[in-house]
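The values are calculated or read from the model by the stated rules, or taken from the named source; none is laboratory data. Computed from a predicted model, the values in this text were never measured in an experiment. Cβ: placed from backbone, ideal geometry, glycine included. Neighbour counts: every protein chain shown.
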């Protein structure tokens, strides 16, 4: 009889915990907007499995990103970065390259960035032997690209951007930190 009461108590406590966790309002916006003293504008969200890369402007001109993981009960920020004045960076270099730590993306090497040239409709990243196509997404604020480079073996890669007719418009060498 005593074991039955203990088991019933545990089940009731578990149900109360689940109800409490589900009743908490938690969205990607709640996770990103950490400080009430700043203005935030989410400009793009890229979903990858149970994670999302969320780009947002802070105080209208500082671009930041947060990798948000959706767990069973809520969203959690697991990695963040400050890009800063992305327009100045793109004006100077034409491309922005960010390499996420493997542990953030479940041991996958995910790289992403921004493009300055709207004529680039196709991108590839390659080392000496492997070629990976990048996904390009146009947003009102910027052109965004993402590629999974888990199969790339070398640290030195070449990023190429092409227009719709196959003409090369961009060629940039980059060194991966995690290979």
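The set of residues in segment 102-120 being touching a strand residue (DSSP E or B) at 6+ places or on another chain (Cβ under 7 Å), surrounded by fewer than 18 Cβ atoms within 10 Å (Cβ to Cβ) and within 30 Å of residue 71 (Cβ to Cβ) consists of 104, 108. When 95, 53 are checked against the criterion of being over 23 Å from residue 33 (Cβ atoms) and either surrounded by 13 or more Cβ atoms within 10 Å (Cβ to Cβ) or at pLDDT 90 or above (or both), 95 stands alone in meeting it. For segment 32-85, residues that are part of a loop (DSSP other than H, G, I, E, B) and either under 23 Å from residue 96 (Cα atoms) or under 17 Å from the mean Cα position of the chain (by Cα) (or both) total 8. Just a yes or no: is a residue in segment 121-139 in contact with a helix residue (DSSP H, G or I) (Cβ under 7 Å, 6 or more places away or on another chain) and surrounded by 13 or more Cβ atoms within 10 Å (Cβ to Cβ)? No. For segment 94-129, the tally of residues that are touching a residue at least 24 places away in the same chain (Cβ under 8 Å) and part of a helix (DSSP H, G or I) stands at 3. Residues that are surrounded by fewer than 13 Cβ atoms within 10 Å (Cβ to Cβ) and modelled with pLDDT under 85 within segment 69-83 comprise 71, 72, listed in sequence order.
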